[in-house]
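Each value in this text was obtained by applying a stated rule to the coordinates, not by laboratory testing. It should be emphasised that the depicted structure is a prediction, and the values quoted were computed from it without experimental measurement. Cβ placement follows ideal geometry from the backbone for every residue including glycine, while neighbour counts extend to all protein chains displayed.
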Amino acid sequence: MSTKPKRFYQDWFLRGMVGMVITASFLPDLGKSGGLLHIDSVTNYGIAAVFFLHGMGIPSEQIRAGLSRWRLHLLVQSFTFVVFPLLWLLLHFVFRGVLPPMLMLGFFYLCALPSTISSSVAMTGLARGNVPAAIFNATLSSLIGIFLTPLLVSLIAGSTGQRLDFGHAVVNIASLLLLPFVVGQLLHPRLGHWFARYKKYTNVFDKVVILLLVFGSFCDSVKAGLWTNYGPFMLVETLAGAALVLGIILTLTTLAARALKFPVEDEIVAVFCGSKKTLAAGVPMAKVLFGAMPGLGLIVLPIMFYHQLQLMVCTTLATRYAGRSDEPQPEAAEFLEDVGEP
C-alpha cells in the first residue's frame, strides 16, 4: 500500500508548479501577457489539444454504462455545483475582511469548478467503487461546468465589482474546451486503440500545458504586485483554506451517501467525484474568464493547493476502502496508470 500514494501523486508535477511560481517571481517579464515567450498565445493551442486528447481517451460505452444510478448522479452534481458554492458563502461570512478580495474570489472559483475525470475514476477504481458511475459523473460534471461555472462566477464577480461577460465567456470556453473534447469523442471509435498506446505521453503533455498556464498567470500577477502587496503568509492562508474546504466536503459527502443508504461502491463515487475539483480545466477557464486580470495568480492559487491536497488525501482514503477487497475492478485498469486531469 505504501507505494500507491507515490504512484498517484506525481512529484515532478508538484515540483514543476513550485518551480513555475518561483521563476515567475524572479522573471515575470518572460511569461507575462505579450511578454518575451508569448505564453498567452501558445497555451491556447495547448489547451485545445489537451481536451481533444481527453475526448479521445474516454470510452463512450463506459460513460453510457453509468447512466442508471440517477440518485447518485444527483448527489454528486449537487455537491459539485450547489453545496460547494453554499459552503463558500458560509466561509465568506466568517472570514470576510481577513483574506484579500481576489483570494476570496479564487476560493469561490474553486468551489464553482467541475470535478476531475481521470483522477476521480482512478481513485474509484483503486477503492473498488462503481467505476462506470464514476466515469459518467466526472464527464457529466465537466460538461455542465462549461456552462454553469461561468454563470456562477459571473454572479459573484459582479458583486465584487469585477465585470464578466457571461455569454462571451461561455462561447470562448465551449470553443476552447468542449469542441475539441467532442471531436475527440467522435474519433474515439476509430482511433481509441491507437491513442491508448501513447496515453502516458499525452498525460505528460497535459501537465506541461498546465505548468505553462500557471507560469503565465503568476507572471502577470507578480508584475501587478502580487508579492509586494500580500507577502508569503498568503500561501499559508491559502493552504489552510483549501484544507478546510476539502475536509468539510469529504465529511459531508460521506455522511450524505450513508444517509441515503448507498452501497459502499456508490458511496466511493460520491466521496471521490463529489469532492474533486479540476486543475486542468480550472486554469484554462480562469484564463478565459478573467483574462489578464492582475489578480489572476491569486484566483488560481486555491485550486493549485486544493489539487495537491485532494490527490494525497483521497489516495489515502482509496487505499482504506480497498482494504475490504483484493482485486481492483477491470474497468479501472487504464485509469490506474496515471492521474492526469481533468
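The table for this structure:
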read-out	value
For Ser33, distant residues with modelled amide H under 5 Å away	Asp220
Once exposed loop trypsin sites (Lys or Arg not before Pro) are cut out (DSSP; at most 12 other Cβ, 10 Å), longest piece of the chain	1-95
Of (i) 18.9, 57; (ii) 19.6, 64; (iii) 21.0, 74, the label for Rg and Dmax of the Cα atoms in Å derived from the coordinates	(i)
Note, ³J(HN,Hα) from phi for region 22-30, Karplus 6.51, -1.76, 1.60, rounded to Hz, x at Gly and Pro	5, 4, 4, 5, 9, 10, x, 5, 5
Angle between the chain longest axis and helix 279-290 axis [Cα atoms, degrees, rounded to 10]	40
Estimated dipole of region 183-231 in Debye, rounded to 20 [Cβ of Lys and Arg +1, of Asp and Glu -1, Cα centre]	320
Angle in degrees between helix 131-159 and the longest Cα principal axis of the chain, rounded to the nearest 10	30
Under 5 Å, built H, 5+ apart or other chain: amide partners of Ser115	Ser142
Estimated distance in nm for a label pair at Tyr198 and Lys261, the labels positioned 7 Å out from Cα along Cα-to-Cβ	5.1
In Hz, Karplus ³J(HN,Hα) per residue of region 200-209 (6.51, -1.76, 1.60; θ = phi - 60°; x = Gly, Pro)	5, 6, 5, 5, 5, 4, 3, 6, 5, 4
In Hz, Karplus ³J(HN,Hα) per residue of region 314-320 (6.51, -1.76, 1.60; θ = phi - 60°; x = Gly, Pro)	6, 5, 4, 5, 4, 5, 5
Close Lys-Lys pairs in the chain, where close means Cα under 23 Å and separation is 8 or more or interchain	25
Residue order, fewest to most surrounding Cβ atoms within 10 angstrom, among Ser275, Ser154, Ser78	Ser78, Ser154, Ser275
Within the chain: Cβ-based charge dipole about Cα centre, in debye rounded to nearest 20 (Lys, Arg +1; Asp, Glu -1)	260
Size of electric dipole in region 10-130: Cβ of Lys, Arg +1 and of Asp, Glu -1, about Cα centre, debye, nearest 20	420
Value of [θ]222 nm, deg cm²/dmol, for the chain, DSSP H segments ≥ 4, -39500 (n - 2.57) each, nearest 500	-24000 deg cm²/dmol
Angle between the chain longest axis and helix 101-112 axis [Cα atoms, degrees, rounded to 10]	20
Most positive-pole-ward Cα, Asn172, His193, Leu90, against dipole of the chain from beta carbon charges	Leu90
Projected label distance in nm at Leu186 and His168, using a 7 Å step from Cα toward the beta-carbon	2.8
